[in-house]
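Worksheet: one structure, shown below.
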Amino acid sequence: MKNSFKLFHFFHSLFIFFVLILLTGCGSGLRFGGVVRFEDGTPVQGASVSFIDTKNQYDGQTDAQGKYTLTGATPKDGIPPGHYNVAVSMPADDNGKSVLPEKYASPDTSGLTCDVQSGSTFDIIIEKN
């Protein structure tokens with residue numbers, strides 16, 4: 001009987017430990033985002049926005065207003081402060097043509113960089129083809 005109680009106590013403690021881990025999560029980064037627009041002010045809808053540093057990549061998707069929010073491994077995770085290279089891409093249309101200039105699809109050629117800090121945003125202006 002004593003062994004059963006010890007076993008129950010062990011599993012109960014283990015259960016509470018895992019619940020606390022799940023509730024606290026790993027979201028230690030910042031909630032970060034901005035708006036993607038063309039030069040004429042038109043929002044870019046359905047674009048993938050990627051912030052890349054030496055170790056990780058954080059991604060977001062633009063909505064109908066061109067707004068994006070970056071996430072980490074899970075949507076709950078934010079982005080750590082730091083310096084990032086930025087890429088913006090979209091799938092090709094039915095004719096196989098991209099709405100965005102090709103240079104934006106790679107962080108090496110986009111010319112976009114951002115220093116992520118608490119309380120800041122990063123709006124992106126896309127030059128049209």
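Of all aspartates and glutamates in the structure, the ones whose alpha carbon falls short of 18 Å from that of LYS76, not counting any fewer than 8 places away in one chain, are ASP59.
Residues whose amide H falls under 5 Å from that of LYS67, counting only those 5 or more places apart or on a different chain, are VAL36, with hydrogens built in the peptide plane.
For the range 33-126, the calculated P(r), taken from all Cα-Cα distances in 5 Å bins from zero up to the bin holding the longest distance, is 3, 14, 25, 27, 19, 9, 3, 1, 0 percent.
A short reminder: the numbers here are calculations on the coordinates, not readings from a lab. All values reported here derive from a predicted model rather than from experimental measurement.
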